[in-house]
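J.: Handing you this structure, nothing more for now.
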Amino acid sequence: MYRVVRLFILAAAAMASQQAMGIKVEKYRLLAEPILFNTPVQTDSTDFTGKKFSQEDLMMDAPLAWQNYRQGTETTDSIIAATGKDAVRLLGFQVETPMFAKCELIVKGLKRHDVYIDGQKGAQRDLLPGRHDIVVRFLQKADETDTLSLELKSEQEKYLTLNPEGKRLYTLEDYMHGIRAGRTSLSPDGKLMKYSTTTTLPGGKTETTERILDLQTGSEYGVDGFLQWASQGCRYIRKRSGKDNCTIYEYVEPVSGKTEPLCTDYTQSNGYFMRDEQKMLVYKQDEGPKEDKQVFQILEPDDRQPGWRNRSNIQLLDTRSGVLSQITQGQHNVYASPSEDGQKMILQIQENIITERPFRFNTILLLDLQTMQTDTLVRKDGFLGEVQWSPDGKQLVFTGSPEAFGGIGINDPTGKRPSMVQTELFLMDLQTKEVTPLSKDFNPNINRLEWCRADGNIYALCENRDRQDIFCLDMKKRQWKQLRLSECYITSFSLAEEKPLLSYTGQSDSNSDRIYTVDLKSGKEKLIRDYNEERTGDIALGKFEEWNFQSSRGDTIYGRYYLPPHFDETKKYPMLVYYYGGCSPVGRYLDSYYNYHGWAAMGYVVYVIQPSGCTGFGQEFAARHVNAYGKWTADDIIEGTKKFCAEHSYVNDKKIGCLGASYGGFMTMYLQTVTDIFAAAMAHAGISNPASYWGYGYWGYSYSAISAADSYPWNNPELLSGRSPLFNADKVHTPILFLHGTDDTNVPIVESVQMFNALKILGRECAFVAVEGQNHHILDYEKRLKWVHTFYAWFAKYLQDDPTWWNAMYPEKNLK
């Protein structure tokens, strides 16, 4: 007994000694020039509070740029020589931490001083991941030499690096702040390009600018009231307010600054000009019938959504006469696409049929604007997307799922129900009405397309595995070809109408936004704007590699991984596994609040997997999402995680965390019911019970038309309840963090509440953090910071055995 007590006392003493020892700061920067202050003229002996005047107080309290210490001389001297004058001095140093750390600077030898950490006064501070400035402002007497001792105390000393050299670590703030590129838009002649940027400042304020760039001279011009490019040349149509509530439209030549009137509208219409610029296509929004706000009837499932009762119809404004003509009128929403010559128009009429999947159907009419006669091209097809005219007006191209046009686009030998999110292209000949599938054997998933007037080909932005690339469909050969571009994740593109020129915005796995133009004849690419250097030029990013594996089913499952910047293969690292698992892949881009390089900078190996059910890999792979609710997807994630650990000995397979959001949140919960390989998990806005989500989420029933085609709680309880994490909660033994916005209309917060309740009743370790006033995505600046820090702290607690961050954010409450 004596020996046990003695060992306990010795251990406690050693721990106390270690905590008290701290890190001695041997090197710092001292601003050589003393900071002098005048003695003010004293009109009174005290201030208005009765406090007597003190020159020392004035010197220590006066505003001062603490950043000036960086201009000082680096020194290791512990003696600070006198300057011959009473003055304020500045010294400082930097400390970097990959994780949260509590610290305190102990200053000895200076008679009067204040400590500032990142500009905030106080010697104690909670440091977030990143590089920090610690500054001492002190008062030095004219003839006194000071002896200095600096010591940084922290229980997380293992994280701290004093006076780090080289590039800094990537942090959440680096994602949150800085400049980003928006869409580009080329003038018809390809000489000018409109582009936009948005800059986010610390604190969340954003500044958006639009500019027009002359691609030949490099000159830039401001943008004022841009509505659209004129149909020819290099001028745009400006919209501005006039007298008597009228709207004035005019042409603007950015280079010369010249303007020319187009028309004046007194009808207060909103729309866009057709190609002849003599007519404006207007979408008229009619408000639906109102209900009592206190007690009201819900007509259909979608009637819970704001604005569902409103209806959109088509009008045409004649810019010469000012006459606004009604083109459609009825109970259904109608969308329109005019032909190039303005003689005809495609009308897309939407109809809700709640008793039949997929619940919303499209009828396509061809309208002759001269005779106002219509011809029905497609009747009640629920699997169509958008429609575009060919430049010659003889054909139409449709997007749609493989089931569109009676299923002529299906190409899956296994016979699975196709995923509605897998988007195909279909070509209709207007003379014969014959429809031909254009992408039946094309694996990438089509997100957006443009039919190029300059070369007659179709250009499509496509999910291509975890990339997002631009492909060209040669309309003569009917062959697809990928454009070889510098960036692997293209966010938008634009085509010039009169020359084969394309512009695009994109980024990649380890760089931020850049803007390019591409000559479509030669394939030559030109960098126009590079925002990456400004965003990441002083940041050290870790290694990024692709890693794919052959699954037990015999197919290739794609993925990638990220390593910490100062990776040491002889060490063991915790690992985070990220996935979506729903309809789409996790894109290979840098900017995301699920920040893979940021997690790697915190000391994690990060494995991102593209499991079964993702689009971008072909129809059969995408169809694995349908009527599966986790089965195929979980198999891939578990097998991939185990194989990755087996092939990479630096991963600590006892310290693996997993996380996902929305359907990925469902996958997080589901995984814990079928495996115990994870040490901690996080589910944001996840589905815990498909049967309740199906009935309550705004899009629950309509999303189930994709994920659970023709399966309902009454005809397939094994799917909707049998694979529900809630109905299998007793199998969960992994600590799970539930995060959810209180105003989530996509996946209602009840999905997290009921799973949390179940695990609490079962006595399992879990936590639940709600974000007030946020929907499916956490968009508020301050709330997003706290939301992200919450799951950072959760994984630090379980994967790095450090609960400091979690306890600082969520201290224990003694409530029973």
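J.: Considering only residues that are open to solvent by 10 Å² or more (accessible area, probe 1.4 Å) and not charged (D, E, K, R), look in the range 612-621 and name the one that is farthest from F549 (Cα to Cα). Write out each step before concluding.
T.: Filtering the range 612-621 down to residues open to solvent by 10 Å² or more (accessible area, probe 1.4 Å) leaves 617, 619-621.
If we keep only those that are not charged (D, E, K, R) too, we end up with 617, 619, 621.
Values: F617: 15, Q619: 20, F621: 15 Å.
Filtering the range 612-621 for residues that are open to solvent by 10 Å² or more (accessible area, probe 1.4 Å) and not charged (D, E, K, R), the one farthest from F549 (Cα to Cα) comes out as Q619.
J.: Still on this model: All but one of (1) in contact with a Ser or Thr (Cβ under 6 Å, 6 or more places away or on another chain); (2) of a type in the set (A, V, I, L, M, F, W, C); (3) crowded, with 21+ Cβ neighbours inside 10 Å hold for L160, so report the exception by its number.
T.: (3)
J.: Let me ask something else about it. If I go through the range 660-677 residue by residue, how many of them are open to solvent by 10 Å² or more (accessible area, probe 1.4 Å) and of a type in the set (F, W, Y)? Quick ask: steps written out before the conclusion?
T.: The initial filter retains those residues of the range 660-677 that are open to solvent by 10 Å² or more (accessible area, probe 1.4 Å), namely 661-662, 670, 673-677.
After this cut, where a residue has to be of a type in the set (F, W, Y) as well, the list is 670.
Matching residues across the range 660-677 total 1.
J.: Could you list, in sequence order, all residues of the range 184-222 that are without any contact (Cβ under 8 Å) to a residue 12 or more places away in the chain and assigned to a loop (DSSP other than H, G, I, E, B)?
T.: K205, T217, G218, listed by residue number.
J.: Could you list all residues from the range 532-543 that are in contact (Cβ under 8 Å) with a residue 40 or more places away in the chain and either within 20 Å of the chain's Cα centre (by Cα) or farther than 18 Å from V586 by Cβ (or both)? Steps first, please.
T.: Going residue by residue through the range 532-543, those that are in contact (Cβ under 8 Å) with a residue 40 or more places away in the chain are 534-536, 538-542.
E534, R535, T536, D538, I539, A540, L541 - these are the residues of the range 532-543 that are in contact (Cβ under 8 Å) with a residue 40 or more places away in the chain and either within 20 Å of the chain's Cα centre (by Cα) or farther than 18 Å from V586 by Cβ (or both).
J.: Any chance you could count how many residues in the range 121-147 are outside any strand (DSSP E or B) and either farther than 19 Å from I35 by Cα or at pLDDT 95 or above (or both)?
T.: Of all residues in the range 121-147, those outside any strand (DSSP E or B) come to 122-123, 128-129, 141-145.
From what's left, either farther than 19 Å from I35 by Cα or at pLDDT 95 or above (or both): 122-123, 128-129.
Qualifying residue count for the region: 4.
J.: Search the range 278-310 for residues being within 30 Å of the chain's Cα centre (by Cα) and of a type in the set (D, E, K, R), and hand back the single one that is most open to solvent (accessible area, probe 1.4 Å).
T.: This residue is R304.
J.: Right, something else. I'm trying to understand the selection: among the residues of the range 460-482, which are open to solvent by less than 60 Å² (accessible area, probe 1.4 Å) and over 25 Å from the mean Cα position of the chain (by Cα)? Before the answer, list the steps.
T.: Of all residues in the range 460-482, those open to solvent by less than 60 Å² (accessible area, probe 1.4 Å) come to 460-464, 466, 468-475, 480, 482.
If the condition is that a residue be open to solvent by less than 60 Å² (accessible area, probe 1.4 Å) and over 25 Å from the mean Cα position of the chain (by Cα), then C472, L473, D474, M475, W480, Q482 are the ones that fit.
J.: I would also like to ask the following. Residues of the range 252-276 being under 19 Å from T319 (Cβ atoms) and open to solvent by less than 20 Å² (accessible area, probe 1.4 Å), which ones? Before the answer, list the steps.
T.: Step one: of the range 252-276, the residues under 19 Å from T319 (Cβ atoms) are 252, 259-276.
Correct list: V252, C263, D265, S269, F273, M274.
Table: residues versus (1) touching a helix residue (DSSP H, G or I) at 6+ places or on another chain (Cβ under 8 Å); (2) surrounded by 21 or more Cβ atoms within 10 Å (Cβ to Cβ); (3) at pLDDT below 95.
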position	(1), (2), (3)
N532	no, no, no
G542	yes, yes, no
S551	yes, no, no
I557	yes, yes, no
Y561	yes, yes, no
V586	no, yes, no
Y593	yes, no, yes
Q610	no, yes, no
T641	no, yes, no
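J.: Determine whether P565 is part of a loop (DSSP other than H, G, I, E, B), of a type outside the set (A, V, I, L, M) and surrounded by 24 or more Cβ atoms within 10 Å (Cβ to Cβ). It would help to see each step written out before you state the result.
T.: Values: part of a loop (DSSP other than H, G, I, E, B): yes; of a type outside the set (A, V, I, L, M): yes; surrounded by 24 or more Cβ atoms within 10 Å (Cβ to Cβ): no.
For P565, the condition - part of a loop (DSSP other than H, G, I, E, B), of a type outside the set (A, V, I, L, M) and surrounded by 24 or more Cβ atoms within 10 Å (Cβ to Cβ) - is not met.
J.: What's the number of the condition H625 fails, among (1) closer than 25 Å to D441 by Cα; (2) assigned to a helix (DSSP H, G or I)?
T.: Answer for H625: the failing condition is (2).
J.: Cβ-Cβ below 6 Å, separation at least six or inter-chain, first residue in the range 46-70 and within 19 Å of R112 (Cα to Cα), second in a loop (DSSP other than H, G, I, E, B): which pairs?
T.: Going by the 6 Å Cβ cut-off, the qualifying pairs are F53/Q42; Q55/T39; M59/F37; W66/G119; Y69/L31.
J.: Right, something else. Looking at the range 746-769, is at least one residue at pLDDT 95 or above, open to solvent by 20 Å² or more (accessible area, probe 1.4 Å) and under 19 Å from the mean Cα position of the chain (by Cα)?
T.: Among the residues of the range 746-769, at least one is at pLDDT 95 or above, open to solvent by 20 Å² or more (accessible area, probe 1.4 Å) and under 19 Å from the mean Cα position of the chain (by Cα), which makes the answer yes.
J.: Counting only residues that are under 19 Å from F738 (Cβ atoms) and aromatic (F, W, Y), which one in the range 633-672 is nearest to the chain's Cα centre (by Cα)?
T.: Residue satisfying both the conditions and the ranking: Y663.
J.: Also, I was wondering about something else. Looking only at the range 622-639, count every residue that is more than 16 Å from V606 (Cα to Cα), of a type outside the set (S, T, N, Q) and surrounded by 21 or more Cβ atoms within 10 Å (Cβ to Cβ) and tell me the total.
T.: 9
J.: Within the range 681-734, track down each residue that is touching a strand residue (DSSP E or B) at 6+ places or on another chain (Cβ under 8 Å) and of a type in the set (S, T, N, Q).
T.: Those that are touching a strand residue (DSSP E or B) at 6+ places or on another chain (Cβ under 8 Å) and of a type in the set (S, T, N, Q): S702, T734.
J.: Are any residues in the range 158-180 in a helix (DSSP H, G or I), under 14 Å from Y593 (Cα atoms) and not charged (D, E, K, R), and if so, which ones? Walk me through how you get there before you give the answer.
T.: Quick first cut of the range 158-180, residues in a helix (DSSP H, G or I) only: 158-159, 172-176.
Those left that are additionally under 14 Å from Y593 (Cα atoms): 172-176.
Once the filter is applied, which keeps residues that are in a helix (DSSP H, G or I), under 14 Å from Y593 (Cα atoms) and not charged (D, E, K, R), the range 158-180 yields L172, Y175, M176.
J.: Could you list, in sequence order, the residues of the range 430-455 that are in a loop (DSSP other than H, G, I, E, B), aliphatic (A, V, I, L, M) and within 15 Å of M475 (Cα to Cα)?
T.: Taking the range 430-455 and keeping what is in a loop (DSSP other than H, G, I, E, B), we get 430-434, 438-444, 452-455.
Next, from what is left, pick out any that are aliphatic (A, V, I, L, M): 430, 438, 454.
If the condition is that a residue be in a loop (DSSP other than H, G, I, E, B), aliphatic (A, V, I, L, M) and within 15 Å of M475 (Cα to Cα), then L438, A454 are the ones that fit.
J.: For K499, state whether it is over 25 Å from Y175 (Cα atoms), open to solvent by 50 Å² or more (accessible area, probe 1.4 Å) and either free of Cβ contacts under 8 Å to residues at least 60 places away in the same chain or in a strand (DSSP E or B) (or both).
T.: Numbers: over 25 Å from Y175 (Cα atoms): yes; open to solvent by 50 Å² or more (accessible area, probe 1.4 Å): yes; either free of Cβ contacts under 8 Å to residues at least 60 places away in the same chain or in a strand (DSSP E or B) (or both): no.
Criteria not met by K499.
J.: Just checking: which of the strands (runs of 3 or more DSSP E) contained wholly in the range 11-120 hold 3 or more residues that are in contact with a Ser or Thr (Cβ under 6 Å, 6 or more places away or on another chain)? It would help to see each step written out before you state the result.
T.: Working: elements: 28-30, 73-75, 87-97, 101-108, 112-117.
Strands (runs of 3 or more DSSP E) meeting the threshold: 101-108.
J.: Hey, N457 hits all of (1) open to solvent by less than 30 Å² (accessible area, probe 1.4 Å); (2) of a type in the set (S, T, N, Q); (3) within 31 Å of the chain's Cα centre (by Cα) but one; which does it fall short on?
T.: Failing condition for N457: (3).
The values are calculated or read from the model by the stated rules, or taken from the named source; none is laboratory data. Keep in mind it's a predicted model, so treat the numbers as computed, not measured. Note: ideal-geometry Cβ built from the backbone for every residue, glycine included; neighbour counts use all protein chains shown. To get the accessible areas, we keep the full protein, side chains included, count just its heavy atoms, and leave off ligands, DNA and RNA. Shrake-Rupley method; radii C 1.70, N 1.55, O 1.52, S 1.80 Å.
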